[in-house]
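Student: Shown below is the structure under consideration.
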Amino acid sequence: MSGYLNKKIAMKYCGNSEKIYEDVLKSYTEQGYKYLDELADYIEMNNWNRYAIVAHALKNASKTIGALKLSDIALDMEMAGKTEDGAHLRAGHQLFMEELLVSIHEAENALETLNKEAELKESVVRETKKIVKKVHDTNGTILVVDDDSTNLTLAHSFLSQEFKIIGVKSGKVALRYLQKNTPDLILLDLMMPEMDGFQVMEKLKEDYRLEAIPVIFLTADRSAETEEKCFLAGAMDYIGKPFVPAVMHQRVRRILELESYKHNLEKMVAEQLQKITQLQTDIIISMGNLVESRDGTTGEHIKRTAIYTEYLSKKAQKSGLYSDVLNDEFINYLCKAAPLHDIGKISVSDLILQKPGKLDNNEYSRMKLHTVEGDRIIRRNMLNVTDRRFVQMAADVARYHHEKWNGKGYPDRLMEDQIPLSARILAIADVFDALIAKRPYKDGFPFEKAVAIMVEERGKSFEPELLDLFVGNEEELRELVKKIN
């Protein structure tokens, strides 16, 4: 859930009901766009009384969903409307509208997150039912190791109706069988000539392929000392001799059911983790798309930037550059963080973002602050993200992607390797796409021209070695551009 909306506050107003909270979010998103139109009309008509009424409604509705910043702004505008302070209303109207739009988008994102969480919960229930069914339908292959043929015959007769039984008469034969086969369970006699059960167990624990196979010891010695020794050796259970059919069957079935449950639970956890990871990625991309749409570009820019970032990162990794840092995990984090590099633009006025002409000095100064704002927004809204390395990388690319190799960038005028590696890589990908992509205010440069401009900035804007890797194989890069455009 976004840090913009204070869910803890919202839940108090919603009686701690997720269903009520979801209904309130739906109502807010539907009504929010209507309020945008009404506020624009009333400011134009100088209808301060109606403006105050809408601001009052927004003050309460925004607090109900946890949009506390907007609620405070709405209160201020409500008071100005009631006192007919037109100058104050006009001065604060643009910020009010911008904050309302942000809160609507945040409410829409919160709704989407709630829906995906509900889908995940339903999926967990379905998978749990499958596991329960598999637990009740457990079967498998059992390797029985006992030097007594009678015991092998008894084990086969007791268990073969439900399980596939493989019987061998020594530890050595068992280990040869296990070189090519992996049973679901081993019933292992303790007292055998040449190699006893404990010695076989030691060999199993030395082999990573076999150490996870559950083992039940078979023994006529039911002393507490032997029982303790069995469990210390790593056995899941033991079965006393002479065998009691019902006891043997129930202990075997119980161990196999537990193993089946464990394996299926591990699989389910892995699948759910993958879904959650994808959900986080989707949310990140949605946040990036929201920002991109405000300055006249589309979500395609962040997708292309992420692809170019991955292309350069893997080129550098393959070359051995920064081999102590540039591993698969680093590249994965960087590609996920790339869509957030311009998140700070959410704090920049539309008048600046969408200005068709050149920005004046004040406007450009305001625009440059999007780097600092991006860093702040990420750190503030990702306080509860446990993966601090990802948060750090996302904050770095947001703050430093406009720094230059020669120290003439912004906001901190860092130079060379003072700039985080993640930001140096992303800067090349970001500028390259900005050059070749068509925007509402410009046509894209031809490939050759874009590459020439990038090369001109070698050692100025960009790290020389990284840039050489990026443009070093022009034909390969050209094919990549064609593929993603």
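The values are calculated or read from the model by the stated rules, or taken from the named source; none is laboratory data. Every value quoted in this text rests on a predicted model; they were computed, and no experiment measured them. Using ideal geometry, Cβ is built from the backbone for each residue, glycine included, and neighbour counts are taken over all protein chains shown.
Student: Condition check: buried (at least 17 other Cβ atoms within 10 Å of the Cβ) and either touching a Phe, Trp or Tyr at 6+ places or on another chain (Cβ under 7 Å) or of a type in the set (D, E, K, R) (or both). Does L25 satisfy that?
Tutor: When the stated conditions are applied, L25 does not pass them.
Student: If I ask for residues that are acidic (D, E) and either touching a Pro at 6+ places or on another chain (Cβ under 6 Å) or without any contact (Cβ under 8 Å) to a residue 12 or more places away in the chain (or both), which ones from segment 20-62 would you list?
Tutor: Result: D23, E30, D37, D41, E44.
Student: Continuing with this model, one more query. Residues that are out of contact with any Gly (no Cβ under 6 Å at 6 or more places or on another chain), at pLDDT below 85, under 15 Å from H341 (Cβ atoms) and assigned by TED's automatic domain parsing to the domain that holds K336: does segment 388-395 have at least one?
Tutor: So far as segment 388-395 goes, yes, one or more of its residues are out of contact with any Gly (no Cβ under 6 Å at 6 or more places or on another chain), at pLDDT below 85, under 15 Å from H341 (Cβ atoms) and assigned by TED's automatic domain parsing to the domain that holds K336.
Student: So which residues in segment 156-172 are touching a strand residue (DSSP E or B) at 6+ places or on another chain (Cβ under 8 Å) and either outside the structural domain of G240 (by TED's automatic domain parsing) or exposed (fewer than 15 other Cβ atoms within 10 Å of the Cβ) (or both)?
Tutor: Residue satisfying the conditions is K164 alone.
Student: Kindly indicate whether any position in segment 358-376 is of a type in the set (A, V, I, L, M), surrounded by 17 or more Cβ atoms within 10 Å (Cβ to Cβ) and modelled with pLDDT of 90 or more.
Tutor: no
Student: Which of the residues spanning segment 198-238 are in contact with a strand residue (DSSP E or B) (Cβ under 8 Å, 6 or more places away or on another chain) and either farther than 21 Å from K262 by Cβ or acidic (D, E) (or both)?
Tutor: Listed by number, the residues that qualify are V200, L218, T219, A220, R222, T226, E227, D237.
Student: Quick one: E84 ticks every box in (1) of a type outside the set (F, W, Y); (2) touching a Gly at 6+ places or on another chain (Cβ under 7 Å); (3) not in a helix (DSSP H, G or I) bar one, so which box is it?
Tutor: Status for E84: all satisfied but (2).
Okay, residues lined up against (1) in contact (Cβ under 8 Å) with a residue 12 or more places away in the chain; (2) not basic (K, R):
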{"position": "A74", "(1), (2)": "yes, yes"}
{"position": "E78", "(1), (2)": "yes, yes"}
{"position": "K82", "(1), (2)": "yes, no"}
{"position": "A87", "(1), (2)": "no, yes"}
{"position": "G92", "(1), (2)": "yes, yes"}
{"position": "S103", "(1), (2)": "yes, yes"}
{"position": "E106", "(1), (2)": "yes, yes"}
{"position": "N115", "(1), (2)": "no, yes"}
{"position": "E119", "(1), (2)": "no, yes"}
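Student: So, one more: Working carefully through the options T153, T138, find the one that is in a helix (DSSP H, G or I) and either at pLDDT below 65 or in the same structural domain as L218 (by TED's automatic domain parsing) (or both).
Tutor: T153
Student: Here is a further query. Find all pairs meeting these conditions: Cβ atoms under 8 angstrom apart; at least six residues apart or on different chains; first residue within segment 439-459 and over 21 Å from E416 (Cα atoms) and surrounded by 15 or more Cβ atoms within 10 Å (Cβ to Cβ); second residue among the small types (G, A, S) and modelled with pLDDT under 90.
Tutor: G444/A437; A450/G444
Student: Which of the residues spanning segment 403-418 are surrounded by fewer than 24 Cβ atoms within 10 Å (Cβ to Cβ) and closer than 19 Å to L369 by Cα?
Tutor: Answer for segment 403-418, where residues must be surrounded by fewer than 24 Cβ atoms within 10 Å (Cβ to Cβ) and closer than 19 Å to L369 by Cα: K404, G407, K408, G409, Y410, P411, D412, R413, L414, M415.
Student: While we're here: With the checklist (1) outside any helix (DSSP H, G or I); (2) in contact (Cβ under 8 Å) with a residue 40 or more places away in the chain in hand, flag the one item G15 doesn't pass.
Tutor: The single condition G15 does not satisfy is (2).
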